[in-house]
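Beneath this line is the structure, given in structure tokens, with notes to follow.
Every read-out reported here was derived from the displayed coordinates using simple, explicitly stated rules and does not represent laboratory data. Worth saying up front: this structure is predicted, and the values here are computed from it rather than measured. Ideal geometry is used to build each Cβ from the backbone, glycine not excepted, and the neighbour counts take in all protein chains shown.
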Amino acid sequence: MSDTVLVPGTKIKPKVERPRLHKVILLNDDFTPRDFVVTVLKAEFGMTDDHAYQVMITAHKKGACVVAVFTRDVAETKATRATEAGRAKGYPLMFTTEPEE
Ligand code: TYC
């Protein structure tokens, strides 16, 4: 038997919810070459040349840019792989993740 007390006006959460999506965010730095950032965006996120350039230049000008949204595991794996691609070349290139509102 359930001991749940239903308080009038209290919201009841639906049992099934879509998993929250997570943003992958590209952070600007002063050292990673622009061409390399574009190469990583194309390789890890399957972007076209033009899309990758737009994302790179937005991060360069504004300090950060949302790359794409995924489920949490996929976002974290892609951010780690893309950050590691820069690290392997000695660049401080950084991708982070955060949950969507
Ligand atoms: N700011 C870097 C430069 O001028 C290029 C760059 C762009 C690096 C975007 C990271 O997320 C980045 N070489």
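The angle between the Cα long axis of helix 72-88 and the longest principal axis of the Cα atoms of the chain comes to about 20 degrees, rounded to the nearest 10.
Computing FRET efficiency as 1/(1 + (r/R0)^6) for Val16 and Thr96, where r is the C-beta to C-beta distance and R0 is 30 Å, gives about 0.55.
Relative to the Cα centre, the charge distribution of the stretch 21-99, modelled as +1 at Lys and Arg Cβ and -1 at Asp and Glu Cβ, gives a dipole magnitude of about 60 debye. Relative to the longest principal axis of the Cα atoms of the chain, helix 49-62 runs at roughly 80 degrees.
The protection proxy used here, the mean number of other Cβ atoms lying within 10 Å of each residue, ranks peptides 14-27, 31-44 as follows, highest first: 31-44, 14-27. Listed by chain and number, the lysines placed with their C-alpha closer than 28 angstrom to that of Lys61 are Lys23, Lys42, Lys78, Lys89; residues fewer than eight positions away on the same chain are left out. Near the amide H of Thr97, within less than 5 Å, lie the amide hydrogens of Ile25, all on another chain or at least 5 residues away, with H placed in the peptide plane. Using only Cα atoms and rounding to the nearest 10 degrees, what angle (0 to 90) does helix 34-45 make with the longest principal axis of the chain? Between helix and principal axis, roughly 40 degrees. Taking all Cα pairs closer than 8 Å and separated by 6 or more residues, the relative contact order of the stretch 21-99 comes to 51 percent. Dividing the Cα radius of gyration of the chain by its Kirkwood radius returns 1.23 for Rg/Rh.
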